[in-house]
Amino acid sequence: MTAGTTSTGSEARALNGAEIVLKALVDQGVEVIFGYPGGAVLPLYDALYQQNSIRHILVRHEQAAVHAAEGYARSTGKVGVVLVTSGPGATNAVTGLTDALLDSIPVVCLTGQVPTHLIGNDAFQEADTTGITRPCTKHNYLVKDVTKLARTVHEAFFVARSGRPGPVVIDLPKDILVASGPYSSPEAVEHKTYRPRTEPAPEGIEAAAELLMSAKKPILYGGGGIINSGPEASRLLRELVELTGFPCTLTLMGLGALPASDPRFLGMLGMHGTYEANHAMHDSDVMLAIGARFDDRVTGRLNAFAPHSKKIQIDIDPSSINKNVRVDLGIVGDVAASLRALIAVLKARGYKRDAKMLAPWWAEIDRRRARNCLAYSDTTKIIKPQYAIERLHALTQGYDTYVSTEVGQHQMWAAQFFKFEGPNRWMTSGGLGTMGYGLPAAMGVQIAHPDALVIDIAGEASILMNIQEMSTLAQYRLPVKVFILNNQYMGMVRQWQELVHGGRYSESYSEALPDFVKLADAFGATGLRVSAVSELDDTIRRMIETPGPVIVDVAVDPTENCFPMIPSGAAHNEMLLGPEDRPGTTSGAEEGMVLV
Amino acid sequence: MAPITAAIERHTIAVVVDNEPGVLARVIGLFSGRGYNIESLTVAEVERSTSLSRITLVTSGTPMVIEQIKAQLSRLVPVHTVKDLTEDGPHVERELALIKVAGTGERRIEALRLAEIFRARVVDSTISSFVFEVTGSSEKLDAFIELVAPIGLVELARTGIAAMSRGTGQL
């Protein structure tokens, strides 16, 4: 036993591996785990059965367990925990792990493994889990010695939540779970080498302040790193915006970091971002990227990306700096720590917001804002998907609302039209773009916030990818509301086929859809359907007021496309603003064909 | 896509890692997964007491890619130190090759002559073959191999580069 571990009577008894794992989880503050049992993890499930500290949520598919843990993590800031069995349990979790890696979500995933003496023998339900998950986790472990088990679990939590967060897998052979071994407490565990830098270099902050103070066309570009850094980072962003009066845009993952109602907020940027945000990026002279990674959805064509700006990037991950876009000043540090330092330096230098200097820049931005790029042709004949989300947003005011999405057009419309006023309210699969993310993620959010209104904004195609989780909602009486924008198409696929592939709608029609009302009924939920514009509000109200899980099937315009749009290979200032703009006219259209 | 106009550079990087299962797979997986080049890679335990291994790898890419490779290596959890020997000043690079040359008569004598010029040692010998051991820069090895090839080169094994900075500095 590690020196310094407090021993009480019960601890003096040697624990078996499964008990060590659970004790370590409890000591790490874990309250909930999402999992699915199987042969290799039976000892863990047996130990779970005999305790009351940790609640286990039985999902219906291991992928959903990881997404649920992601939703839990992103809405609380805690580490999400997953427990699955060996072989197919682990391989089913891979999509979720990759999703968590790309969106930097802290998750610890315990996977069962065949006993150590069988590893490599192609045993029943054996898979090389550490081999398979190596490229889709931040780190992974195979525990082959029970004396290292407790330490490994603590270390896994440290790695998952420190620096740039991410998923960590601990592969647990069955013999390790039944062997007895010592326990060591979290305090006794310090990682040998892994110490991510969180405090920014003071000279970097000084140089950033210098650049920002001289900016005539500044832009703040914030991303998911702000959310990951914690609510304090969002507060500091608001303070920075207040102090400087600079315009601010946010990535898909960053929505909520600055209240959408703030007049300095330009909306989301990128492929389906606003006209004003993308143009402000393109025309800026000083750009401050905060916890954002210059993703290809954000930058458009790289050699035309913000060509005249001095770029400053704050990121906790040094490999995010200068990866896609060369920046003039890279600052490695935690967002909250860096913003705090930056604000302090600006104040110490006596910086005052210079409205006069910024006036021409704001005039330019306001001119673009006046273009009202999110406008759509509203009608009383058919429900426009944008209108449905606007109404959903309006009618959920006053509720403690969390929103998750699946992936596709509905996701972009949700990002554009659902206005987030604070962080941790918006769960979406940004990096990996995982259809089927939203329902299990909403489930995880609802577990963490039992009294909140949790809505999964979905498409009729995406929702079917993890629809089995309706059964989990029923089992735990989780009142998640599934709001399906049903356009009978894989909408984003159809949109690209229309714009880029001559309207040949290859395999994108949602043939043979289930009756979602009956489907809800079969899962013990309430099903609602609406197709008349005049009945939309009432249906949304009924959805909110109905206790328990609800599926709302909203029949929306099947031909609607998501605009504005920067076609692949085009630059920020070459947006398609609506159906009247045709693709192929932008620069780089040909190279864009091969891009996703 | 931004056209890559920057010059391709060749860098020798030393990486100190925990000697634990899978660590080499992490490094190699990083290179294959992200499309970086590996021209040479050697690895062996260098400190038994602390269980540390040293990986020496030679890679090539634009300066931005080289910088990215180092950042990506550094963020692997079992990696202790990443040092770019090419960037950090003068260093020595050595490689070892075992070269089997078969032949009799004049060819045998010629092989021995060349070996002497290159300070290659004979580590195995039969009446119709030699195994030479030669160390030096990769260029020297290339030159020797090129010369013995027509004489009767039948087999070749190279270690890849081991490298170290000159002077008193420590990794």
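Since every read-out is calculated from the coordinates, none of them should be taken as a lab result. As the structure is a computational prediction, the values presented were derived from the model and not from experiment. Virtual Cβ from ideal backbone geometry, glycine too; neighbours counted across all protein chains shown.
Can you grab the distance from the C-alpha centre of region B:99-171 to the C-alpha centre of region A:48-120, Å, no decimals?
Cα centres, region B:99-171 to region A:48-120: 53 Å.
Taking amide H positions as placed 1.01 Å from N in the peptide plane, with prolines and chain starts having none, which residues 5 or more places from B:Ser51, or on another chain, fall under 5 Å of its amide H?
Long-range HN contacts for B:Ser51: none found.
Applying the Karplus parametrisation 6.51 cos²θ - 1.76 cosθ + 1.60 with θ = phi - 60° to the phi angles of region A:485-495, what ³J(HN,Hα) value in whole Hz is obtained for each residue in order, glycine and proline being reported as x?
8, 8, 10, 6, 9, 6, x, 6, 5, 4, 4
Each residue of region A:21-38 in turn: what ³J(HN,Hα) in whole Hz from Karplus with 6.51, -1.76, 1.60 and θ = phi - 60°, glycine and Pro shown as x?
4, 5, 5, 5, 4, 4, 5, 8, x, 6, 10, 9, 10, 9, x, 8, x, x
For each of A:Glu199, B:Glu67, count neighbouring Cβ atoms within 10 Å of the residue's Cβ, then give the residues from fewest to most.
A:Glu199, B:Glu67
Of A:Lys216/A:Lys356; B:Lys100/B:Lys140; A:Lys323/B:Lys70; A:Lys217/A:Lys352; A:Lys347/A:Lys419; A:Lys381/A:Lys481, which sit over 19 Å apart, Cα to Cα?
Going by Cα-Cα distance, A:Lys347/A:Lys419; A:Lys381/A:Lys481 fall outside the 19 Å limit.
Return the average number of partner chain Cβ atoms within 10 angstrom of each residue Cβ along peptide A:316-326.
Across A:316-326, the average partner-chain Cβ count within 10 Å equals 4.
Find the Cα radius of gyration of region A:437-596, compare it with 2.2 N^0.38 Å by division, and give the number to two decimals.
1.22
When a/c is below 1.5 the answer is rounded, else prolate if a/b is larger than b/c, else oblate, so apply that to region A:94-202 with a ≥ b ≥ c taken from the square roots of the Cα gyration tensor eigenvalues.
It is oblate, given that a/c is not under 1.5 and a/b is not larger than b/c.
If contacts are Cα pairs under 8 angstrom and at least 6 residues apart, what is the relative contact order of chain A in percent?
13 percent.
All other residues with a Cβ under 13 Å from the Cβ of B:Ala71 taken together, and with Lys, Arg as +1 and Asp, Glu as -1, what is their net charge?
In short, +3.
In region B:85-140, what is the volume of the convex hull around the alpha carbon atoms, normalised per residue and reported in Å³?
Per-residue hull volume (Cα only) is 72 Å³.
Show me the trypsin sites (Lys or Arg not before Pro) within region A:191-291 that DSSP assigns to loop and that have at most 16 other Cβ atoms within 10 Å of their Cβ.
A:Lys192, A:Arg197, A:Lys216
Arrange A:Tyr183, A:Tyr489 by Cβ neighbour counts within 10 Å, fewest through most, would you?
A:Tyr183, A:Tyr489
Could you give the dipole magnitude of the protein assembly as shown about its Cα centre, charging the beta-carbon of Lys and Arg +1 and that of Asp and Glu -1, in debye to the nearest 20?
Here the size comes out at about 1140 debye.
Of A:Ile170, A:Ile389, B:Val46, which is farthest towards the positive pole of the protein assembly as shown's charge dipole, taken about the Cα centre with +1 and -1 on the beta-carbons of Lys, Arg and Asp, Glu respectively?
Looking along the dipole axis, the top candidate is B:Val46.
Using the crude model of +1 on Lys and Arg Cβ and -1 on Asp and Glu Cβ, and no other charge, please compute the dipole size for region B:1-82 relative to its Cα centre, in debye to 20.
Once rounded to the nearest 20, the dipole reads 120 debye.
Any idea how far the Cα center of region A:387-444 sits from the one of region A:153-187, in Å?
Rounded to whole Å, the Cα centres lie 32 Å apart.
From the square roots a ≥ b ≥ c of the eigenvalues of the alpha-carbon gyration tensor of region B:37-142, which class results: rounded (a/c under 1.5), prolate (a/b over b/c), or oblate?
Since a/c reaches 1.5 and a/b is larger than b/c, the shape of region B:37-142 is classed as prolate.
Which of the peptides A:374-384, A:333-343 is most tightly packed, and how do the rest follow, judged by the mean count of other Cβ atoms within 10 Å per residue?
Ranking the peptides A:374-384, A:333-343 by packing returns A:333-343, A:374-384.
Hey, got the average number of other protein chain Cβ atoms within 10 angstrom for residues in A:44-55?
0
Rounded to the nearest 500 deg cm²/dmol, what is the calculated helix-only ellipticity per residue at 222 nm for chain A, with -39500 (n - 2.57) per DSSP H run of length n ≥ 4?
My calculation for chain A gives -10500 deg cm²/dmol from helical runs alone.
So what is the relative contact order for region B:86-171, in percent, with contacts set as C-alpha pairs under 8 Å and at least six apart?
47
Averaged across the residues of B:66-78, what count of C-beta atoms belonging to other chains lies within 10 Å of each residue's C-beta?
Average per residue, whole number: 5.
Within a Cβ distance under 11 Å of A:Phe305, other residues only, what is the Lys/Arg minus Asp/Glu net charge?
Here the charged neighbours net out to +2.
Can you tell me what share of the DSSP beta bridges in chain A is antiparallel? A percent to the nearest 5 is fine.
Of all bridge pairs located within chain A, approximately 5 percent are antiparallel.
Give me the net charge of A:Ala257's neighbourhood, meaning all other residues with Cβ under 11 Å from the Cβ of A:Ala257; Lys, Arg count +1, Asp, Glu -1.
Here the charged neighbours net out to +1.
I'd like the per residue volume of the convex hull spanned by the Cα atoms of chain A, given in cubic angstrom.
160
Listing A:Ile226, B:Ile151, B:Ile8 from the residue with the fewest other Cβ atoms within 10 Å to the one with the most, what is the order?
Starting with the residue having the fewest Cβ neighbours, the order is B:Ile8, B:Ile151, A:Ile226.
Which of the trypsin sites (Lys or Arg not before Pro) found in region A:432-531 are loop residues per DSSP with 15 or fewer other Cβ atoms within 10 Å of their Cβ?
Sparse-neighbourhood loop trypsin sites (Lys or Arg not before Pro): A:Arg477, A:Arg504.
With a ≥ b ≥ c the root eigenvalues of the C-alpha gyration tensor of region A:363-487, is it rounded (a/c under 1.5), prolate (a/b larger than b/c) or oblate?
Cα axes put region A:363-487 in the prolate bin.
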